[in-house]
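The values are calculated or read from the model by the stated rules, or taken from the named source; none is laboratory data. Remember, it's a predicted structure, so these values are computed and weren't measured experimentally. A quick note on method: Cβ atoms are made from the backbone with ideal geometry, for glycine too, and the neighbour counts reach across all protein chains shown. Just so you know, the surface numbers come from the protein's heavy atoms only, side chains and all, with ligands and any DNA or RNA stripped out. Shrake-Rupley method; radii C 1.70, N 1.55, O 1.52, S 1.80 Å.
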Amino acid sequence: MKLIRTENYAEMSLEAGKIIVDKIRTNPSLTLGLATGSTPKGVYDYLIQDHEENGTTYKQVKSVNLDEYIGLSVEDPNSYHYFMNQTLFKHLDINDNQTHIPNGAASDLEQECLRYEQLIKELGGIDLQLLGIGQNGHIGFNEPGTPFTSTTHIVTLAQNTREANSRFFNSLDEVPTHAITMGIASILKSNEILLLVSGERKAEALYKFVNREISEEFPASALKYHSNVTVIADRDALKYI
Ligand code: PGA
């Protein structure tokens, strides 16, 4: 595992953005694994700026997102579909039908999980997966206790995850209780993983990630089984390291 120490959120985003753009320029048809939340926003801003200023093209790039809430429509401003469209996709020349996010409004959710896992396979797997980490160590929506063998599946969100994400909703009651997420095994199949960690609120999680034994009680620890993980963290997140 490689650790890149940065001063702050902006520098973390810049470092990650540079790595991603470099990969796209080397392999213009790569498959990117993308994430939502506060952490990757700065990276997406970097990709947009680079696209506008340097012309990096996404015409052949494919993307698969980690997760989506169950029960929110694609148009719901709190859905991850909406987030990705607004925050990234609509600003790039990426082909709409090459961007993939689990459908949390599918009528048959079990079938949707199978479809999504198969889709990743058909795309030839993920070349580069961008990840954040939850305060409880989750990656994607794989909450503590998720088997490391899990593929795309339906999860019941942990109470602390719902509380953390309630900042985007009017109230905690509005935060969905379930989601679809790529599993830990799906994530580990990626060729390369970039884990971004920013802010003091993630310092304890990063400390545990670095120092604790591998355990299903701390999902991010599964990444230690992967041979190509780069952690990019800022000074506040590195407080205990
Ligand atoms: P955040 O979420 O980027 O909004 O902190 C990360 C996560 O919960 O995985």
So Thr152, is it open to solvent by less than 20 Å² (accessible area, probe 1.4 Å) and either without any contact (Cβ under 8 Å) to a residue 24 or more places away in the chain or within 16 Å of the ligand (Cβ to nearest atom) (or both): no
Problem - Meets criteria (free of Cβ contacts under 8 Å to residues at least 60 places away in the same chain and exposed (fewer than 14 other Cβ atoms within 10 Å of the Cβ)) for Thr161 - result: no
Considering residues that are in a helix (DSSP H, G or I) and touching a helix residue (DSSP H, G or I) at 6+ places or on another chain (Cβ under 8 Å), the number found within the range 130-166 is 3
For the range 151-171 the number of residues that are of a type in the set (Ser, Thr, Tyr) and touching a strand residue (DSSP E or B) at 6+ places or on another chain (Cβ under 7 Å) is 2
Residue count, the range 197-237, condition in a loop (DSSP other than H, G, I, E, B), in contact with a strand residue (DSSP E or B) (Cβ under 6 Å, 6 or more places away or on another chain) and either within 21 Å of Ser38 (Cβ to Cβ) or open to solvent by 70 Å² or more (accessible area, probe 1.4 Å) (or both), comes to 2
Among residues of the range 167-196 being of a type in the set (Val, Ile, Thr) and in a helix (DSSP H, G or I), the residue farthest from the ligand (Cβ to nearest atom) is Ile184
Of the conditions (1) open to solvent by less than 30 Å² (accessible area, probe 1.4 Å); (2) under 20 Å from Gly33 (Cα atoms), the single one that Pro176 does not satisfy is (2)
Listed by first then second residue, the pairs whose first member lies in the range 31-42 and is in contact (Cβ under 8 Å) with a residue 12 or more places away in the chain, whose partner is of a type in the set (Lys, Arg) and near the ligand (Cβ under 8 Å from one of its atoms), with beta carbons under 9 Å and at least 6 positions apart or on separate chains, are Thr39/Lys202
Picking from Asp236, Asp173, the residue that is touching a residue at least 60 places away in the same chain (Cβ under 8 Å) and more than 30 Å from Gly124 (Cα to Cα) would be Asp236
